[in-house]
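**Student:** Input: one structure, supplied below.
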Amino acid sequence: MADAFPTSLCTRCALVRRIQTDRGSVFLQCGLARTDPRFRKYPPQPVHRCEGFRQEGPA
Ligand code: SF4
C-alpha cells in the first residue's frame, strides 16, 4: 500500500498500524496509544515530531 502520508514520521515508525477502510480511506493507528495515554490512537497527520517514534526495521 502506498503511504498516504509520506512526510509523516508514523510511516517510518515500528509502532504504526495502517488501517484501510472498504472505501479506500487510510488511517494510521498508533500502537503506543494502547499503553500510554499521552498518545492518540489516531494521531492527526502528518506527524513531524514524536517522542515515541521508533524506527522500523532492524535496529
Ligand atoms: S509512536 Fe509516534 S511516530 Fe510512532 S505511530 Fe505513534 S504517533 Fe506515530
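**Student:** Give the long-range amide H neighbours of Arg54: residues separated by 5 or more places, or on another chain, with amide H under 5 Å away, using H modelled in the peptide plane at 1.01 Å from N.
**Tutor:** Excluding prolines and chain starts, which carry no amide H, the hits are Ala14, Leu15.
**Student:** Calculate one ³J(HN,Hα) per residue across the stretch 20-26 by plugging θ = phi - 60° into the Karplus curve 6.51 cos²θ - 1.76 cosθ + 1.60, and present them in order as whole Hz with x for glycine and proline.
**Tutor:** So the Karplus estimates, Gly and Pro as x, are 10, 7, 4, 8, x, 5, 10 Hz.
**Student:** Which percent of Cα-Cα pairs in the chain sits in each 10 Å bin, short to long?
**Tutor:** Going from the shortest bin to the longest, the percentages are 23, 57, 19, 1.
**Student:** Tell me, what HN-Hα J-couplings in whole Hz come from the Karplus equation 6.51 cos²θ - 1.76 cosθ + 1.60 at θ = phi - 60° for each residue of the stretch 35-51, using x for Gly and Pro?
**Tutor:** Coupling constants for the stretch 35-51: 10, 9, x, 6, 10, 8, 4, 10, x, x, 9, x, 8, 10, 9, 7, 6 Hz.
**Student:** Under 16 Å from a point 7 Å along the Cα-to-Cβ line of Phe53: which residues of the stretch 1-21 have their amide N that close?
**Tutor:** Residues 5-17 qualify, since their backbone N sits under 16 Å from the label point.
**Student:** Further, regarding this structure: Please report the carbon-and-sulfur percent of the accessible area for the chain; probe 1.4 Å, protein heavy atoms only, DNA, RNA and ligands left out.
**Tutor:** Numbers: 2310 of 4600 Å².
Carbon plus sulfur share of accessible area: 50 percent.
The values are calculated or read from the model by the stated rules, or taken from the named source; none is laboratory data. Quick caveat, the model's predicted, so the values are computed rather than measured. Positions of Cβ are generated from backbone atoms using ideal geometry, with glycine treated the same way; all protein chains shown enter the neighbour counts. Keep in mind that these areas ignore ligands, DNA and RNA; they rest on the heavy atoms of the full protein, side chains included. Shrake-Rupley method; radii C 1.70, N 1.55, O 1.52, S 1.80 Å.
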